[in-house]
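Report on the following structure.
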Amino acid sequence: MASADFMALLPLLVTAVSSLIVLLLAAFHRAHGLAAGVTSSGLAVALMTLPVAFQVAPRQVTTLLMVDAYAIFYIGLMLAASLAIAGLSYGYLEKRGGRQEEFYVLLLLATLGAITLAAATHLASFFLGLELLSLSLYVLIAYVRTDRQPLEAGLKYLILSGTSSAFLLFGMALLYFQSGAMGFAAMASDLGRQAELSVQFLVGLVLILTGVGFKLAVVPFHMWAPDVYQGAPAPVAAFVATASKGAMFALLLRYFTEIAAFRSAALWWTLAGIAALSMFVGNLLALLQDNVKRMLAYSSIAHLGYLLVALLAGGPLAVEAVTVYLAAYFITTIGAFGVVAVLSGPGGEADSMEDYRSLFRRRPWIAAVFTIMLLSLAGIPLTAGFLGKFYVIAAGVDASLWLLLILLVANSVIGLFYYLRVIVAMFTETGLGDDRVWKAPAMSASYLDGFVLAALSGLLFWLGLYPEPLIGFVRTMERGLTG
């Protein structure tokens with residue numbers, strides 16, 4: 001391996017080595033704080049190696065991985081998300097008790113799978129990254145094995161994810177049969193020589209899209225999401241909603257851009273239908289929920305529909321819009337699930353709407369954080385969510401996607417209603433008395449949780465008020481991807 005390859009792969013290597021160190025420490029000396037500290041340090045060091053990788057970018061490392069500005073941005077986004085989730089997990093697991101060290105090994109391995117997807121340029125690295133991510137998530141979702149709900153959610157995710165992987169593999173086989181290549185660039189070169197996409201290639205793309213649709217939980221492949229989000233520990237639900245889906249979307253964007261998949265009108269209209277259905281089904285079913293985690297699950301389905309609108313716009317602005325939207329979505333979604341994690345106690349998850357009634361009186365700063373996260377998800381001005389939605393609409397206008405834009409705006413109004421439902425509940429007095437109030441978390445966990453939530457709140461307003469540094473880097477990244 002050349003030194004430049006080593007430098008390019010440093011973020012992945014540091015993450016992999018960190019998981020080994022935590023595993024060895026757990027074998028010889030069990031200490032929750034030590035495992036959480038080493039995990040956080042490993043993720044922080046991996047983040048610090050990004051400028052080193054940037055010095056040699058763009059760098060093709062074998063045919064499997066491309067470390068360019070695009071990959072580096074998404075690797076950084078997912079490492080930062082995992083770091084925040086590791087911080088929130090400490091307090092959550094401390095309240096639950098039991099053996100917690102293996103949780104961090106799995107979190108690091110899932111992160112490694114996600115960042116591998118962000119740099120994948122070959123069907124083999126695509127599948128390896130996806131399986132590393134999925135296998136870790138099976139266990140993370142069912143980690144609290146003393147409760148029935150996490151076990152049920154883990155089993156459901158295992159069965160449906162295994163099915164989607166079968167679709168994915170069959171689709172990859174068809175693409176290889178048609179093009180004789182597994183690398184994205186070689187595949188694009190072969191397709192460039194064809195006037196129209198062949199039937200075999202289109203069927204392969206549809207099968208891959210089916211597998212990816214399960215992972216992204218877009219309609220009609222969304223059925224698992226509400227049950228898994230409800231059953232999974234709150235920090236794991238945050239990881240599934242952000243890093244897992246973000247990695248898959250980053251790969252989809254690179255893949256579709258390189259092979260110019262939207263030359264096929266049938267594929268474009270299929271994705272347009274999925275986007276419209278995801279927006280409507282996600283938002284309308286979220287209206288019916290009294291469980292906050294299920295509401296956030298349906299909300300995430302709708303947000304993936306918004307992201308698909310940006311993807312369908314195509315061109316440089318689509319890359320910019322998808323990336324800015326994902327950055328905003330990561331911050332707000334981790335913040336929202338972070339509040340659920342902080343309020344959850346040893347008795348279970350704080351996911352009922354009644355758990356949030358009169359929260360402002362009992363925990364004003366947590367209620368304030370949850371309020372701004374929900375307003376950001378609704379796309380209210382001065383928040384990161386507004387910036388993301390503005391970019392999606394701009395990309396849609398640039399591509400004249402008027403019908404999809406009308407649906408997006410209508411669904412944004414529907415979304416605002418159920419976010420306001422939670423906010424109103426937090427400012428409304430409860431009639432249940434104080435016996436439903438959760439137990440306060442340990443003091444050390446409160447400080448760490450408070451720091452993570454304060455940092456996420458600061459980022460939310462920073463992106464909403466001063467987004468120029470992010471936009472500048474995203475434009476640099478976009479030029480590298482689209483040429």
Quiz prompt | Additional length obtainable on full extension of the chain from residue 55 to residue 159, 0.36 nm per residue less Cα span | solution = 33.2 nm
Quiz item: Farthest toward the dipole's positive end in the chain, which of 15, 312, 380, given Cβ charges of +1 (Lys, Arg) and -1 (Asp, Glu) about the Cα centre?
Solution: 380
Self-check item: With every protein chain in place, the chain: carbon and sulfur % of accessible area (1.4 Å)
Solution: 71
Quiz item: So how far apart, in nm, are the two label points at residue 21 and residue 169 if each is 7 Å from Cα heading toward Cβ?
Solution: 3.5
Self-check item: Radius, Kirkwood style, for the stretch 256-326 when every pair of distinct Cα atoms is counted (Å)
Solution: 12.9
Practice problem: Put one equal scatterer on each alpha carbon of the stretch 1-98, apply the Debye formula with no solvent term, and list log10 I(q)/I(0) at q = 0.15, 0.17 1/Å to two decimals. | Solution: -0.64, -0.77
Exercise. Can you tell me the dipole magnitude for the chain around its Cα centre, using point charges on the Cβ only (Lys, Arg +1; Asp, Glu -1), in Debye to the nearest 20?
Key: 280
Quiz item: Can you give the Kirkwood hydrodynamic radius for the stretch 108-240, in Å, rounded to one decimal and based on Cα pairs?
Solution: 15.8
Quiz prompt | Tilt relative to the chain, helix 69-96 - C-alpha long axis, 0 to 90 degrees, to 10 | solution = 20
Quiz item: Dividing the Cα convex hull volume of the chain by residue count, how many Å³ per residue is that?
Solution: 129
Quiz prompt | Signed unit charges on C-beta, dipole axis of the stretch 1-122, positive-most listed residue 104, 52, 29 | solution = 29
Quiz item: For the chain, what is the accessible area per residue in Å², given a 1.4 Å probe and the full set of protein chains?
Solution: 37
Quiz item: lysines near residue 95 by alpha-carbon distance under 25 Å, same-chain residues fewer than 8 away left out - which ones?
Solution: 293, 439
Quiz prompt | Per-residue [θ]222 nm for the chain (sum of -39500 (n - 2.57) over DSSP H runs n ≥ 4, rounded to 500) | solution = -26000 deg cm²/dmol
Quiz item: To the nearest 10 degrees, how steep is helix 199-216 against the longest Cα principal axis of the chain, on a 0 to 90 scale?
Solution: 10
Exercise. Could you list the square roots of 5 times each eigenvalue of the Cα gyration tensor of the stretch 145-184, that is, the equivalent ellipsoid semi-axes, sorted largest first and rounded to whole Å?
Key: 35, 8, 4
Quiz item: Mean separation of Cα pairs under 8 Å and 6+ residues apart, divided by the residue count of the stretch 85-208: what relative contact order is that in percent?
Solution: 20
Quiz item: For the Cα atoms of the chain, what angle does the longest principal axis make with the long axis of helix 101-119, in degrees from 0 to 90, nearest 10?
Solution: 30
Self-check item: Restricting the stretch 40-133 to trypsin sites (Lys or Arg not before Pro) in coil, as DSSP defines it, with at most 16 other Cβ within 10 Å
Solution: 99
Quiz item: How high is the relative contact order of the chain, in percent, with contacts defined as C-alpha pairs under 8 Å that are six or more residues apart?
Solution: 16
Quiz prompt | Charge dipole of the stretch 144-260 about the Cα centre (unit charges at C-beta), most positive-ward option of 174, 203, 240 | solution = 240
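The values are calculated or read from the model by the stated rules, or taken from the named source; none is laboratory data. Owing to the predicted nature of the structure, the values given are computational and were not obtained by experimental measurement. All Cβ positions, glycine included, derive from the backbone under ideal geometry; neighbour counts span all protein chains shown. All accessible areas refer to the heavy atoms of the entire protein, side chains included, with ligands and DNA or RNA removed. Shrake-Rupley method; radii C 1.70, N 1.55, O 1.52, S 1.80 Å.
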